[in-house]
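The values are calculated or read from the model by the stated rules, or taken from the named source; none is laboratory data. Predicted model, so just to flag it, every value in this text is computed and none were measured. Cβ placement follows ideal geometry from the backbone for every residue including glycine, while neighbour counts extend to all protein chains displayed. Ligands, DNA and RNA are stripped out before the accessible areas are found, and what is left, the full protein with its side chains, is counted by its heavy atoms. Shrake-Rupley method; radii C 1.70, N 1.55, O 1.52, S 1.80 Å.
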Amino acid sequence: MKILLSSKYVYFAGFGAIGGLLSGIIYGVSDLDNSSEWASWIIGTGFDGLFIAALLAVGQARYVGKSFDSKSFWKALLVGAIGGMIGGFIALMIGFPIAESLGGGTDAGRFLGWTLGGAAVGFAVSWVVPNLKRVTASLAGAAGGFFGCALMYLVSALVAATATTGAVIGLVIAFAEAAFRHAWLEVTIRPSGLSLEKERTITVSLGDKPVLFGCGADADVKLAEMPNAQPQYAKVFLSGRTVTLLDLATEKKRELAVDEGFDLANARLVVRTKSVWMKPA
């Protein structure tokens, strides 16, 4: 159970699947399949982008200890919906005509639509995951959409197919974040007070954007409240090959060494990097 609660792959696959499931249900209830191609593709793909991106934002919030991050949720929902509709439009107006001119059928256009829709979801998720690069997330989402579309042909039910695709998109984005980052924090969060929660360890990618730790709603990673402390505790960021901790209570900075750990509220944070990246160029 501890491994499941600490795995971002589980969170993103699970919440991505829920997003795809909701999209499939709404698509079926609205009877878009029997509507015009415009409604089916543009609105339908918009639903996919909207629900999958929004639920992945919820998954990210739960992963870092937040109950709900409304700002990230609405941002991902809006970007995912608009991007999904654009993907559907491109597939309908450009993808299908090109596929037909080359002797292909609707399958090629469908793959293009899902690939573009997945890219939109990845782009939306990059707005809510600290230091997840836009290009990396978009390409990962596109790959997830492509492979998800391939799996759809093995699943006969629409709702199950969109749920599968959402899970694949979430998995590929989570994998890309871990594969392409250079440095990160390993954060072991201990339950505080009387709680049914279990100790778990999460990872947070480091980069130019400081990662904020605290108990407030704006924190990237939410920790337990500290007596006589402000809601914002500390920021950690990466500059070049240097990891820096800024203590917001004292406004003092200090460099952190690789594998160095420190305690903050109810968490133990340790700097991790890829060994190859740490070698001088």
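Brief remarks follow.
- Within the stretch 256-274, not a single residue is without any contact (Cβ under 8 Å) to a residue 24 or more places away in the chain and over 16 Å from residue 185 (Cα atoms).
- Exclusive hit being farther than 26 Å from residue 70 by Cβ, open to solvent by 70 Å² or more (accessible area, probe 1.4 Å) and among the hydroxyl-bearing types (Ser, Thr, Tyr), set 201, 250, 244: 250
- Here residue 219 fits the description: in contact (Cβ under 8 Å) with a residue 12 or more places away in the chain, part of a loop (DSSP other than H, G, I, E, B) and surrounded by 16 or more Cβ atoms within 10 Å (Cβ to Cβ).
- Checking residue 216 against (1) small (Gly, Ala, Ser); (2) over 21 Å from residue 11 (Cβ atoms); (3) in contact with a Gly (Cβ under 8 Å, 6 or more places away or on another chain), the condition it does not meet: (3)
- Scanning the stretch 222-253 for residues being part of a strand (DSSP E or B) and touching a residue at least 40 places away in the same chain (Cβ under 8 Å) gives a total of 4.
- Residue within the stretch 163-174 that is in contact (Cβ under 8 Å) with a residue 60 or more places away in the chain and open to solvent by 40 Å² or more (accessible area, probe 1.4 Å) present: yes
- Residue 145 being buried (at least 23 other Cβ atoms within 10 Å of the Cβ), among the small types (Gly, Ala, Ser) and within 10 Å of the chain's Cα centre (by Cα): no
- Some residue of the stretch 37-52 being out of contact with any strand residue (DSSP E or B) (no Cβ under 6 Å at 6 or more places or on another chain), small (Gly, Ala, Ser), at pLDDT below 85 and more than 20 Å from residue 123 (Cα to Cα): yes
- Test: residue in the stretch 104-118 that is open to solvent by less than 40 Å² (accessible area, probe 1.4 Å) and under 15 Å from the mean Cα position of the chain (by Cα): yes
- The stretch 51-78: number of residues that are open to solvent by 40 Å² or more (accessible area, probe 1.4 Å) and over 13 Å from the mean Cα position of the chain (by Cα): 6
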